[in-house]
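What follows is a single structure, written as structure tokens, with notes after it.
Here, each number is a calculation from the coordinates, and none is a lab measurement. Predicted model, so just to flag it, every value in this text is computed and none were measured. Neighbour counts are summed over all protein chains in view; Cβ atoms, including those assigned to glycine, are modelled from backbone coordinates with ideal geometry.
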């Protein structure tokens, strides 16, 4: 792409880069609550997030149908996408906007919501980008914004190592982003360009960082670089655009004369407003910022003839360390009791966890009849089965093999996406 000029001549529309957060924002605003309880988040997903969902988010959504709740749905033990998926970054930006100059609060808020579908290293990218966005409100130097992001991740994180390598490649090829991209591609391609690479945090985070360094703070030029660097380019450009948008500010963006129609058309989320605009969405964020700022000890006050915000600024620092666990999973004794005495949904859930934890053989030997019934219940969750056997990257293929060995069966045929979005289907597993 060359000569890119930002424009939304028909307005904006819902896309997973913004509409997951939109669902949260409306409920946060309605309840005047920053960190929604996870049972509320699960109910929101079941009611409103049922189409145009992919990869780790889709996997998490269908685990919810079986009774799992966050943060279990983002635990890499239970969700094989969660250890590398980009959901930790492209679902975090709005939470950076809610906490200007408060990078730790931004990261804490972002993590609460992104860990619905990710854990481990992708959680570090949540901290990275929320901190950068929060810092961009008061800092115009791209290098200092990047430094703030680096300070927000665990020093043991691979994400920090990647940041240092991007800085090195930029120094080595200061005028040639394509050569820097070659270094990134060669170092972090994991599976020959397959889904693990397209959707993985390393290549996409690297692309964002390269775009920011080579774009030198120019909004249009940096977005153009994000597109041209590739991989999950729409997600990457959205993150880049949020950072630079916060840095430049509303008035500077409007002064460019770009054709931006003030519309945010709902094309994907159930039971959500049909009359939202970009401005009304932004107004919701301002209201929630005021709530967060007040909770953090800030205030709104009149100085002279102008209303201003006094914000208790924070230094960026890691909120979650790389070794932190999302939650405790049950052991043999608890799973044994469930497969014998639980309701059908609980039995299916217990069978699923047993396979994920490598405990299926023990349960099958100790309680053969109860285990057989639990497996039968699990086989009935056809959307989960479709996700398990979807293939596309090595970890998922190995994951599926474990389920096959445990007696869980793949679908006889791939179920189309249009059917995946329905509530029910006459489906039988392959035999």
Exercise. Tilt of helix 201-215 relative to the longest C-alpha principal axis of the chain, in degrees (0 to 90, nearest 10)?
Worked result: 10
Exercise. Taking the mean number of other Cβ atoms within 10 Å as a proxy for protection, how do you rank 307-316, 400-409, 197-206, 4-13 from highest to lowest?
Worked result: 197-206, 400-409, 307-316, 4-13
For this session: Could you state the angle between the C-alpha long axis of helix 158-172 and the longest principal axis of the C-alpha atoms of the chain, as a value from 0 to 90 degrees rounded to the nearest 10?
Result: 40
For this session: Grab the DSSP H runs of the chain that are 4 residues or longer, score each as -39,500 (n - 2.57), total them, divide by all residues and round the 222 nm result to the nearest 500 deg cm²/dmol.
Result: -17000 deg cm²/dmol
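For a protection proxy built on the mean count of beta-carbon atoms within 10 angstrom, sort 252-264, 34-46 highest first, please.
34-46, 252-264
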Exercise. Points 7 angstrom from Cα along the Cβ direction at residue 398 and residue 178: gap in nanometres?
Worked result: 3.7
Exercise. Pairing the Cα long axis of helix 368-379 with the longest principal axis of the chain, what angle in degrees results, from 0 to 90 and rounded to the nearest 10?
Worked result: 40
Exercise. So what's Rg/Rh here for the stretch 332-420, counting alpha carbon atoms and using the Kirkwood radius for Rh?
Worked result: 0.99
Exercise. Given the Cα-Cα distance of residue 299 and residue 332 and 0.36 nm per residue of separation, how much length would full extension add, in nm?
Worked result: 6.7 nm
Exercise. How many nm is it between the label spots at residue 143 and residue 357, if each spot is 7 Å from the Cα in line with the beta carbon?
Worked result: 5.1
For this session: Just grab the label-to-label distance for residue 405 and residue 221, each label 7 Å out from Cα along the Cβ direction, in nm (one decimal).
Result: 5.5
For this session: Compare the peptides 338-350, 272-284, 121-133 by average per-residue count of other Cβ atoms within 10 angstrom and give them in order, highest first.
Result: 121-133, 338-350, 272-284
Problem set entry | For the stretch 99-172 versus the stretch 232-309, the gap between their alpha-carbon centres in whole angstrom | 20
For this session: At 0.36 nm per residue, minus the direct Cα-Cα distance, what do residue 65 and residue 315 gain on full extension? Give it in nm, one decimal, please.
Result: 86.0 nm
